[in-house]
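Beneath this line is the structure, given in structure tokens, with notes to follow.
Any read-out appearing in this document is the output of simple, stated calculations on the displayed coordinates, not a laboratory observation. In this text the structure is predicted, and so the values were computed from the model without any measurement. Cβ coordinates were reconstructed from backbone atoms using ideal geometry, including for glycine residues, and neighbour counts include every protein chain displayed.
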Amino acid sequence: MTRNRFRRGLHRACIALIALLYVFSIPWYRDGEAPLRIWFGLPDWVAVALFCYVAVAVLNAIAWSLVDVSDGSPEETGADADPRTRR
């Protein structure tokens with residue numbers, strides 16, 4: 001497996017985990033009649049949502065670090081600079 005292929009696979013896995021975390025962060029799994037539990041001084045559903053959002057931020061940073069972003073500069077593309085701008 002090449003390095004680029006591994007990075008693409010890891011990037012896709014991060015994106016899939018981000019989607020799952022967003023779905024899990026919504027408290028629709030919680031019964032409306034369930035007693036309120038406190039975790040870290042917050043209602044349990046708020047603590048779960050905050051954990052999911054922090055995990056999404058971390059996974060998003062990892063996913064973006066795996067992508068090569070091109071700015072289209074001549075040095076990067078190997079093309080000559082625009083001849084109209086030469087002096």
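Prolate is the label for region 3-65, because the ratio a/c of its alpha-carbon gyration tensor axes (a ≥ b ≥ c) is 1.5 or higher and a/b is greater than b/c. Derived scalar couplings between HN and Hα for region 22-28 equal 4, 5, 5, 6, 7, x, 6 Hz in order, rounded to whole Hz, by the Karplus curve 6.51 cos²θ - 1.76 cosθ + 1.60 (θ = phi - 60°), x for Gly and Pro.
Which stretch or stretches of region 30-73 have amide N atoms under 20 Å from the point lying 7 Å from Arg5's Cα along the Cα→Cβ direction? The answer is 66-68. Here the 3J(HN,Hα) profile of region 45-53, calculated from phi with Karplus coefficients 6.51, -1.76 and 1.60 at θ = phi - 60°, is 5, 6, 4, 5, 4, 4, 4, 4, 5 Hz, Gly and Pro shown as x.
Taking amide H as placed 1.01 Å from N in the peptide plane, the amide H of Trp39 sits under 5 Å from that of Asp44, each at least 5 places away or on another chain.
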